[in-house]
1. Return yes when Ala214 is in contact (Cβ under 8 Å) with a residue 60 or more places away in the chain, not in a strand (DSSP E or B) and not assigned by TED's automatic domain parsing to the domain that holds Ala38 and no when it is not.
2. When you look at Lys48, is it among the charged types (D, E, K, R) and under 21 Å from Gly9 (Cβ atoms), yes or no?
3. For Lys20, indicate whether it is in contact with a Lys or Arg (Cβ under 9 Å, 6 or more places away or on another chain), in contact (Cβ under 8 Å) with a residue 12 or more places away in the chain and charged (D, E, K, R).
4. Only one residue in Gly324, Gly371, Gly343 is of a type outside the set (D, E, K, R) and over 21 Å from Met405 (Cβ atoms). Which one?
5. What strands (runs of 3 or more DSSP E) completely inside segment 330-444 contain at least 2 residues that are more than 30 Å from Gly311 (Cα to Cα)?
6. Return the residue satisfying two criteria in turn: it lies in segment 17-65 and is among the hydrophobic types (A, V, I, L, M, F, W, C) and touching a strand residue (DSSP E or B) at 6+ places or on another chain (Cβ under 9 Å), and of such residues it is nearest to Met1 (Cα to Cα).
7. Could you tell me whether Phe296 is part of a helix (DSSP H, G or I) and under 27 Å from Val378 (Cα atoms)?
8. Output the residue which, of all residues in segment 303-329 that are in a helix (DSSP H, G or I) and modelled with pLDDT under 90, is nearest to Met357 (Cα to Cα).
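The values are calculated or read from the model by the stated rules, or taken from the named source; none is laboratory data. What you see is a predicted model, and the numbers here were worked out from it, not measured in a lab. Positions of Cβ are generated from backbone atoms using ideal geometry, with glycine treated the same way; all protein chains shown enter the neighbour counts.
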Amino acid sequence: MIKVAKFGGSSVADAAQFRKVKSIVEADPDRKFVVVSASGKRDGDDNKITDLLLLVNAHIQYGVDCASLLATIEQRFLDIALELDLSFDLATEFMRIVDHLKEFSPEYIVSRGEWFTARLMSEYLGMPFVDAADVVVFHHDGTIDMVRTQTKLREAVIHTGGSFVLPGFYGATVDGQIKLFKRGGGDITGAILARCIDAGLYENWTDVSGFLAADPRIVESPRGIHRITFEEMRELSYMGASVLQEEAIFPVREVNIPIQIKNTNAPEEFGTIIRETANEHAREHLITGIAGKKDFVGIYVQRAHMSNEIGCVRRALSILERYGVSVEHIPTGVDSFSIVVNGNDVKDTIYSIVADMQRDVQPDSINVLPGLALISVVGRNMSRRAGTSGQIFGALGEAGINIRMITQSSQEISIIVGVQNEDFEKAIRVIYDRFGDAVVVRER
């Protein structure tokens, strides 16, 4: 089984981390393709190479000398090369960049973090280097030309003899203009490579051992999630439980290639497997994970006989659309509905939005509920046990937590409850303590 192994910035931060990567790659002959991010932080007080390169661009934009900043970046790579006894001519390459700095685009400059990291990793692993600018093809609108990219990557596989190191985060248009993905785009590069070469597994190596069932800052020692579906991961990631760049799942999900999140610093740990459908195990956890966010705002609209009217909710939503506000949830009643939005999205416009709703919707009453926290309880097995939602609400009620909103996904894999901000952490602990280790028996 061919494996694509992508290593994040913390995994390639210094020479010691490079050694761990080599040990991991050499431990499994199926790891034939390696994707790397730019070197990340070595400790809490350090800087990521990408952040330093963004600062270089800012210096150039405002006409500030950046020689010392470039020297700092060069020294980071020199330290790695010297400790690992690598021969790559860093000095010449950096001199070329310095001599032509103002000629390069900002995206080209930022991409050099991945480029230098991959060049050093290529030599250290004894694997060919393939420049992402030669194989990852962008349309001029910033989207990926998957047809051309697949052709070029497959040609690279043949040309290199079936293995190589590829820098993440960037590619190029057909005329050679460097284009960047969003931050965290190295994950997307790895997923695209896995898809284009028909890999059997996409490994994403980082500094955590996969997903946890709850935030460890709230719940003490939550269990790890060993298996999760793409759908469940999306639900948890949307509520802040982010380990993987969300856009990285789409290239592999479409062709059913599983992703495994692994810890570079603890490679013996299983991590988390993400796949389209879960394996059929006799015993699985009732709840896969719990995640949430604070600071939402609820707009509660009540109008008598609203159920007999057409277009009432549409008019309210069109107002939010005019203000560029994304809607999170819309719980409804017979003669009422609530619209839940992110508080930051309406902090300067909420009174104007309410005024427009009073004019266009003409409600009997309209109330704004600030300080709302949303908690998503996610689990593909919840639909298999009757009364799960009632038990969750009962546990919160016993703990004296007032539920302000309830909604359930149409796929029945998540239940979302709204509570006040001040009850957020307590509510998560209550739910986890009651259901975090509960299991269900699946019928074979």
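1. Here the answer is yes, as Ala214 does meet what is asked.
2. So Lys48 fits the description; yes.
3. no
4. Gly324
5. 365-378, 439-441
6. Phe33
7. no
8. Met306
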